[in-house]
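First comes the structure, then the notes that go with it.
The values are calculated or read from the model by the stated rules, or taken from the named source; none is laboratory data. For clarity, every value in this text was computed on a predicted model and none was experimentally measured. Cβ placement follows ideal geometry from the backbone for every residue including glycine, while neighbour counts extend to all protein chains displayed. To get the accessible areas, we keep the full protein, side chains included, count just its heavy atoms, and leave off ligands, DNA and RNA. Shrake-Rupley method; radii C 1.70, N 1.55, O 1.52, S 1.80 Å.
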Amino acid sequence: MSQTLSNKTAYMAISHKPVTLVSFGAMLLLALMWGLSIPATKLGLNSTPPLTLTALRYAVAVPFMLLLLIGKKPLPWKAVPTVAMLGIIGIGLGQVAQTIGVNGTSASVGTILSATIPLFIVIFATYRLKQPITIIQICGVATAFIGIVVVAFENTSPDIATTFSGPVWIQISAIAVAFYYVWSVELTLKYGTVVVVTWSTFFGLLAMIPLAAWETYQAPFTLTAVSLGAAAYLGLIVSVAGLFLWISILKNVPAPVAASIQYLQPVFGIIASAILFGDDIGLQFLLGVSLILAGLALTMRNKKAR
């Protein structure tokens with residue numbers, strides 16, 4: 001109980017800190033690192049099947065995450081089932097669904113649809129954390145989903161690498177990952193961010209190993225430098241370094257401001273997708289992106305005003 005109170009006191013102190021140039025630069029760097037994750041996934045999928053690529057990503061990440069546990073309090077045995085379930089939902093389901101979805105969409109569409117995670121966070125936070133949804137936030141959710149529809153309808157041509165199931169899998173991923181983030185808030189207050197994230201990732205990896213093994217048996221493949229590079233980037237940069245930088249930012253920047261960095265990720269992802277894959281960025285696509293980002297901004301406006 002005292003640990004929970006001390007954590008809440010620390011968060012209150014951080015909420016009054018100004019955002020420095022260094023902190024702003026760190027947030028931009030994180031947006032770039034995480035924004036390139038879907039284009040990197042798309043590159044890896046050119047030669048490696050989705051379940052195997054995701055397992056490789058976390059097989060690279062977990063050993064480095066375990067090193068972060070040195071000096072931390074161990075996870076109590078009573079919390080293991082809860083943290084394991086968290087990992088199965090957020091990592092086992094969320095990340096696997098995202099990779100399968102990216103395999104069935106263009107990189108730009110995948111990047112934008114993944115940016116709906118904060119919208120689902122608002123919904124889950126209302127129920128799980130008892131945070132009310134305001135009229136402004138409802139307008140933001142509606143605006144962003146209109147933008148998603150606009151983006152999806154631009155890619156109806158048969159020569160565009162977007163299938164019907166691809167966006168569906170990415171939306172399943174967004175829901176699972178959002179639930180992971182909201183549920184993590186309660187657990188990290190009790191056991192610490194590094195401990196919860198590391199062990200949930202470990203259990204998520206255990207859950208996906210049988211699926212990856214089955215996929216490899218069904219469709220043998222050869223590892224290439226590109227697929228290994230994509231797995232290394234996703235594991236070391238996105239998962240490990242991204243987590244490390246994210247924790248550092250949260251220690252110096254108010255949480256709502258730090259969370260808003262997610263909304264810059266699509267910008268970097270779209271630019272990278274256009275460069276790497278020649279994704280078409282027409283007026284309709286830009287309109288959809290603008291609506292999505294405007295909706296996300298509305299969902300954050302009320303939080304910042306508190």
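Annotations for the structure displayed:
- FRET efficiency, 1/(1 + (r/R0)^6) with R0 30 Å, evaluated for residue 219 and residue 67 via beta carbons: 0.35
- Sorting 190, 72 by accessible area puts them as 190, 72; the probe is 1.4 Å, largest comes first, and only protein heavy atoms count.
- Each label was represented as a point 7 Å from its Cα along the Cα-to-Cβ direction; for residue 126 and residue 209 these points are 4.0 nm apart.
- For residue 68, solvent-accessible area (1.4 Å; no DNA, RNA or ligand), Å²: 40 Å²
- Rounded, prolate or oblate (a/c below 1.5 giving rounded, otherwise prolate when a/b exceeds b/c) for segment 67-128 by Cα gyration tensor: prolate
- The order of 135, 281 by accessible area, most exposed first and with a 1.4 Å probe, is 135, 281.
- For segment 15-121: rounded, prolate or oblate by the Cα gyration tensor [a/c cutoff 1.5]: oblate
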